[in-house]
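Student: Here it is, the structure in full.
The values are calculated or read from the model by the stated rules, or taken from the named source; none is laboratory data. Since we're looking at a predicted model, the values are computed, not measured. With ideal geometry, Cβ positions are generated from the backbone for all residues, glycine too; neighbour counts draw on all protein chains shown. Only protein heavy atoms, including side chains, enter the accessible area calculation; ligands, DNA and RNA are left aside. Shrake-Rupley method; radii C 1.70, N 1.55, O 1.52, S 1.80 Å.
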Amino acid sequence: MTKRCASLTETSYGDAGRLLGKSAALADVGGFYRAFGLKPGTEHPRPEDHLAFELEFLSVLAVKEAWAMSEGDEEALEVTGDATGKFLSEHLGTWIDAWLAV
């Protein structure tokens, strides 16, 4: 059995319209990161839509959400919860099933 290699970037998946909008998708992903004070490192350059970055971003949101819960900060809890839902529905959730299937 031959093992196929799956691309590790979001913009490698989807229809032609999505692939043509690669720079817009990358800008949107980057906007999520910056909204929470994050910026991908430059030591090992990878596109902002790389699986490792997207998963790391969600882990940061989970920590921020847990902190907001422990502090009783309803506003921060709402902001992180909304960001998690939007990021999953607009980014990671749109391609992770295809990546897993390879």
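Student: So between Leu8 and Asp73, what do we pick up on full extension, going 0.36 nm a residue minus the alpha carbon distance?
Tutor: Contour length minus the Cα-Cα distance gives 19.9 nm.
Student: On a 0 to 90° scale, report how tilted helix 74-87 is relative to the longest principal axis of the chain, with both axes built from alpha carbons and the result rounded to the nearest 10.
Tutor: Helix 74-87 sits roughly 10 degrees off the main axis of the chain.
Student: Let me cross-check Asp73: its accessible surface, 1.4 Å probe, with only protein heavy atoms counted, in Å² to the nearest 10?
Tutor: Accessible area of Asp73: about 60 Å².
Student: Also, quick follow-up: Count the lysine pairs in the chain whose Cα atoms lie under 26 Å apart, taking only pairs 8 or more positions apart in sequence or on different chains.
Tutor: 5
Student: Quickly work out the His44-to-Ala66 label distance, labels modelled 7 Å from Cα along the C-beta direction, and quote it in nm with one decimal.
Tutor: It works out to 2.3 nm between the two label points.
Student: Using only the alpha carbons of the chain, what is the convex hull's orientation-averaged projected area in square nanometres?
Tutor: Dividing the Cα hull surface by four gives the mean projection, 8.0 nm².
Student: Hey, what did the chain get for relative contact order, percent, Cα under 8 Å, at least 6 apart?
Tutor: 34 percent
Student: In whole angstrom, how far apart do the alpha carbon centroids of the stretch 23-54 and the stretch 59-80 sit?
Tutor: That distance is 21 Å.
Student: Per residue, how many Å² of accessible area does the chain show with a 1.4 Å probe?
Tutor: Dividing the accessible area of the chain by its residue count gives 65 Å².
Student: Looking only at the stretch 52-90, which residues have a backbone nitrogen under 11 Å from a spot 7 Å from the Cα of Ala101 in the C-beta direction?
Tutor: Output list for this probe position: empty.
Student: Over the stretch 5-58, what is the relative contact order in whole percent, taking alpha-carbon pairs under 8 Å and six or more residues apart? Walk me through the intermediate numbers first.
Tutor: Values: 29 pairs, mean separation 22.8, N = 54.
Relative contact order of the stretch 5-58: 42 percent.
Student: Quick one: what are the phi-derived ³J(HN,Hα) couplings along the stretch 48-58, Karplus 6.51/-1.76/1.60 with θ = phi - 60°, whole Hz, x for glycine and proline?
Tutor: Those phi angles translate into 4, 8, 5, 3, 4, 5, 5, 5, 5, 4, 5 Hz.
Student: HN-Hα J couplings of the stretch 94-102 from phi, Karplus 6.51/-1.76/1.60, θ = phi - 60°, integer Hz, Gly and Pro as x?
Tutor: Values, residue by residue: 7, 9, 5, 5, 5, 5, 5, 6, 6 Hz.
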